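Enquirer: Following this message is one structure expressed as structure tokens.
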Amino acid sequence: IYWIQARLREAASLEKHVLLKKLRDALESLKGRVAGRNKDDVEEAIAMVEALAVQLTQREGELIQEKTEVKKLATFLKQASEDAKKLVDEERAFARAEIENARAAVQRVEEALQEKEQMSRASGKQDLEELMKEVQEARRIKMLHQPSKVMDMEHELRALRVQLAEKSKHSLLLQKELARSKRVKGNLSHLYELDGAEVLGSYLRIKPCSDIAPELSKCAIQWYRISSEGGKKELISGARKSVYAPEPFDVGRILQVEIIYDGQLIMLTTTGAIDAAAGLGNYVEALVRKHDVEFNVVVTQMNGVDQPSESIHVLHVGKMRMKLCKGKATIAKEYYSGLMQLCGVRGGGNAAAQALFWQAKKEFSVVLAFESERDRNAAIMLARRFAFDCNVSFKWFSKF
């Protein structure tokens, strides 16, 4: 059938060429019989016949090429089908072998479990009796010894903590008295002193200690942090109030404040480096394991405008971003970037130790008050840690 169809197509093609040749011969014979305008029409018809013959030859060449490509494609598909069938057969054989191996492994495990269960039933009763005896003995020892030891240790630790707190307070007073006496001996004007615990979670206040001390509102104030090793002095941007609450960035550094009045400079310095808050490091390490940490806060200021409302908001400190929400509404949500600013509030009285300033982006900033000093410092340390993991260099102090 295919051979007959091919022969028919060849015959049709030959018939077309023969017809075109006969038509051209007829036109040639007609050309010799006519003259003038009719002769021109005949010549034009001959040119059209020749063009049709050329197009027919080109079309036949294209058809032959397409036929060759179709044969190649059919051969390729046939080979691909055979390869796929072979691959499927191999995979089926492999899957059957794996299933048989799995069945054998399950059977071995079941036999082992049955054997173990039989053995445990035989020895379980004896083991249970021995275990009960050991538990009873342990309880007896615990009732006899542990309560008294624990109580003695707790009383001893409580007494040691009280003594340590008293000695630390007494040592701080002595250091301040020594610094005061050195300033007096050096003929420095003893008009102010720093008041407050030099530890993270507290705040420092400039306290007048003389009747002739000028009012602090008429003085220019600037706080600095000094490295305890190299003595490098670093300006704390925005810290120009009489009160300053140390933040985690200040731990291990000495704080200094300059008071300028009528061209005279007075410098006050902490007696030592700022100490870390007890237990804060362990608390932060526990929070770092979480993907998102929530803190209850109150927005006291937004974009420089005081907020009278004291409704509770939630500050989310996450691995990739920070977010401020009120109920289900999101007020701010920003990924960590070099443009973000986060630091403790500069000034603010005794509430400064519980507040921080967050500038999420250029056109949005808030002052947040936390439930405790520990939460405020933990939020700063967490954000710094997560930003560092994101290869972001944070701005930890801000002009505002």
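Enquirer: State the label only: which of (i) 42, 32, 25; (ii) 39, 34, 17; (iii) 91, 49, 17 corresponds to semi-axes √(5λ) of the Cα gyration tensor in Å computed from the shown model?
Expert: For semi-axes √(5λ) of the Cα gyration tensor in Å, the calculated option is (iii).
Enquirer: Tell me, rounded to the nearest percent, the portion of alpha carbon pairs in the range 192-269 spaced more than 15 Å apart.
Expert: That tail contains 54 percent of the Cα-Cα pairs.
Enquirer: Placing +1 on the Cβ of each Lys and Arg and -1 on the Cβ of each Asp and Glu in the chain, which of Leu131, Val199, Gln256 has its Cα farthest towards the positive end of the resulting dipole?
Expert: Gln256
Enquirer: Which trypsin sites (Lys or Arg not before Pro) in the range 280-330 pass both tests, a DSSP loop state and at most 12 other beta-carbon atoms within 10 Å?
Expert: Hits after loop and neighbour filter: Arg289, Lys290, Lys328.
Enquirer: Another question, if that's okay. Quick one: with all protein chains in place, what share of the accessible area of the chain is carbon or sulfur, to the nearest percent (1.4 Å probe)?
Expert: 56
Enquirer: Then there's this: Using a cut-off of 9 Å between beta-carbons, work out the net charge of the residues near Phe386 (Lys and Arg +1, Asp and Glu -1, Phe386 not included).
Expert: +3
Enquirer: List the aspartates and glutamates whose Cα lies under 15 Å from the Cα of Lys319, skipping any in the same chain that are fewer than 8 positions away.
Expert: Answer for Lys319, where 15 Å is the Cα cut-off: Glu285, Asp292, Glu294, Glu334, Asp389, listed by chain and number.
Enquirer: If you don't mind, another one. Just tell me the longest site-free run in the chain, where the sites are GluC sites (Glu not before Pro) in a DSSP loop having at most 12 other beta-carbon atoms within 10 Å.
Expert: 1-214
Enquirer: Please enumerate, by chain and number, the aspartates and glutamates with C-alpha under 16 Å from the C-alpha of Lys78, excluding those fewer than 8 residues away in the same chain.
Expert: Cross-link targets: Glu69.
Enquirer: How much accessible area per residue does the chain have, counting only protein heavy atoms and a probe of 1.4 Å, in square angstrom?
Expert: 69
Enquirer: Give me Rg over Rh for the range 185-321, both radii from the alpha carbons and Rh done the Kirkwood way, two decimal places.
Expert: That ratio equals 1.05.
Enquirer: Local charge sum around Gly348 (other residues, Cβ-Cβ under 14 Å, Lys/Arg +1, Asp/Glu -1)?
Expert: Net local charge, Gly348 excluded: +2.
Enquirer: Over all directions, the average projected area of the alpha-carbon convex hull for the range 249-400 comes to how many nm²?
Expert: Mean shadow area of the hull around the Cα atoms is 10.7 nm².
Enquirer: Quick check: net charge around Ala47, other residues with Cβ under 14 Å of its Cβ, Lys/Arg +1 and Asp/Glu -1?
Expert: -3
Enquirer: Another one. Using DSSP, restrict attention to beta bridges with both residues in the range 278-400 and report what percent are antiparallel, rounded to the nearest 5.
Expert: Antiparallel: roughly 95 percent of the beta bridges in the range 278-400.
Enquirer: For the range 320-400, compute Rg over Rh where Rg is the Cα radius of gyration and Rh is the Kirkwood radius from the inverse mean 1/r over Cα pairs.
Expert: Rg/Rh for the range 320-400 comes to 0.94.
Enquirer: For the chain, with only Lys/Arg (+1) and Asp/Glu (-1) charged at the beta-carbon, what is the dipole magnitude about the Cα centre, in debye rounded to 20?
Expert: 820
The values are calculated or read from the model by the stated rules, or taken from the named source; none is laboratory data. Because the structure is a prediction, the values reported are computed rather than measured. Using ideal geometry, Cβ is built from the backbone for each residue, glycine included, and neighbour counts are taken over all protein chains shown. Surface accessibility is based on the protein's heavy atoms, side chains included, excluding ligands, DNA and RNA. Shrake-Rupley method; radii C 1.70, N 1.55, O 1.52, S 1.80 Å.
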